[in-house]
1. Taking the range 75-98 only, how many residues are within 22 Å of I44 (Cα to Cα) and surrounded by 14 or more Cβ atoms within 10 Å (Cβ to Cβ)?
2. Just need a number here: residues in the range 243-275 that are in contact with a strand residue (DSSP E or B) (Cβ under 9 Å, 6 or more places away or on another chain), surrounded by 13 or more Cβ atoms within 10 Å (Cβ to Cβ), touching a residue at least 40 places away in the same chain (Cβ under 8 Å) and not aromatic (F, W, Y).
3. For the range 276-298, name all the residues that are in a strand (DSSP E or B), in contact (Cβ under 8 Å) with a residue 60 or more places away in the chain and either over 26 Å from G58 (Cα atoms) or of a type outside the set (S, T, N, Q) (or both).
4. Given (1) outside any loop (DSSP other than H, G, I, E, B); (2) touching a helix residue (DSSP H, G or I) at 6+ places or on another chain (Cβ under 9 Å), where does I264 come up short, assuming only one miss?
5. Would you be able to tell me the number of residues in the range 79-93 that are closer than 21 Å to N20 by Cα and either without any contact (Cβ under 8 Å) to a residue 12 or more places away in the chain or part of a loop (DSSP other than H, G, I, E, B) (or both)?
6. Being under 15 Å from L14 (Cβ atoms), crowded, with 19+ Cβ neighbours inside 10 Å, touching a Cys at 6+ places or on another chain (Cβ under 9 Å) and not basic (K, R), is that true of even one residue in the range 46-65?
7. Cβ-Cβ under 7 Å, sequence separation 6+ or interchain: first residue in the range 94-107 and without any contact (Cβ under 8 Å) to a residue 60 or more places away in the chain and closer than 22 Å to I132 by Cβ, partner surrounded by 20 or more Cβ atoms within 10 Å (Cβ to Cβ) and of a type in the set (V, I, T). Which pairs?
Amino acid sequence: MMNYEHVLETYPWLIQRNQNAIISFDTDGWASGVLLAHVLNWNIVGYYDSERLILKNGIRTDDCIFIDVEIFRSTKRSFGHHLIIYDFNNLPNDFAQRTRQCFNPNFVRRFDKRTTYTRKYPLATFHLLDKILRTSGIGSIDLTSDSALSVVWFIDGLMNIRYNYAPNVQEWITYLQMENEHWYSEMNARRKDDVQALAGTFISDVNGVYAYDGLKKLQNFSPEVLSNLIQMICAKLGIPNNILNWCTNDYSTMRFNRQFMDLITQNNFDSFWNSNPFSMSTYFKSKISFTLEQPQLLP
């Protein structure tokens, strides 16, 4: 079982109020940002998509928490859930130091690509953030309405993952003590087609604001579109619009070097790690993408 008390002792910033956050620029990042802005009054000061970082002027990344991405720098705090380690028994000597402020549920269970790929964390950042907030006693938001469920079930494709990888989802639900979460019990109570149809209404609404595949690329960033999107997500979740907590003006855009490579051997991982990436994600089962501080450095 996940020891939430230990998690919060190790990463107390997960539930501290009035923090600055940099979120991934996709449905998981947006929904997580809405949740954190509402419950903990976090300021969403930046957005990151593995190639670009949009950041409010005057803010240092050391003073922020990256949400839905792992950052490999000892002074940067981050919360991600991606399977980014090839073999836990062959970690680089500096791995623990460079990830000491990175919370990842796969790290907690020592899951890696070589031995436990099919058992990797299958949910989204939003689902675990919501559980952490509830377990801490702070509380979260009401996720019982159909409009809220459409968001919760869509994020990171949960409406398909729940059925395509049912044993893995159930293992994690048990480990994370989520069996009694309304969104999960309601998912089990309804027909698969109904769950998928309801989740589809959320992405339809996102596409009604702006084409999803275009919006999630920061090269197409539009403060006006983002404002409309956050207003829609807040309405879906039944909470006040919190766009005032979001960076929509007075920002700069930084560009980095995103690369792709196979990750099928330890030598692959060592080569990747020795290139000094600051972030990485699984791209396909056998490939990863990673990002270098080139041509710009993290501020």
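Nothing in this text is a laboratory measurement; each read-out follows from the coordinates by a stated rule. Remember, it's a predicted structure, so these values are computed and weren't measured experimentally. Cβ atoms come from the backbone with ideal geometry, glycine included; neighbour counts cover every protein chain shown.
1. Of the residues in that region, 7 qualify.
2. Within the range 243-275, residues that are in contact with a strand residue (DSSP E or B) (Cβ under 9 Å, 6 or more places away or on another chain), surrounded by 13 or more Cβ atoms within 10 Å (Cβ to Cβ), touching a residue at least 40 places away in the same chain (Cβ under 8 Å) and not aromatic (F, W, Y) number 9.
3. Selection gives M280, S281, T282, I288, S289.
4. The failed condition is (1).
5. 2
6. no
7. Correct list of pairs: C102/I71.
For (1) closer than 20 Å to M1 by Cα; (2) assigned to a helix (DSSP H, G or I); (3) not hydrophobic (A, V, I, L, M, F, W, C), each residue gets a yes or a no:
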residue: M159; (1), (2), (3): no, yes, no
residue: Y163; (1), (2), (3): no, yes, yes
residue: P167; (1), (2), (3): yes, yes, yes
residue: T174; (1), (2), (3): yes, yes, yes
residue: N180; (1), (2), (3): yes, no, yes
residue: E186; (1), (2), (3): no, yes, yes
residue: V206; (1), (2), (3): no, yes, no
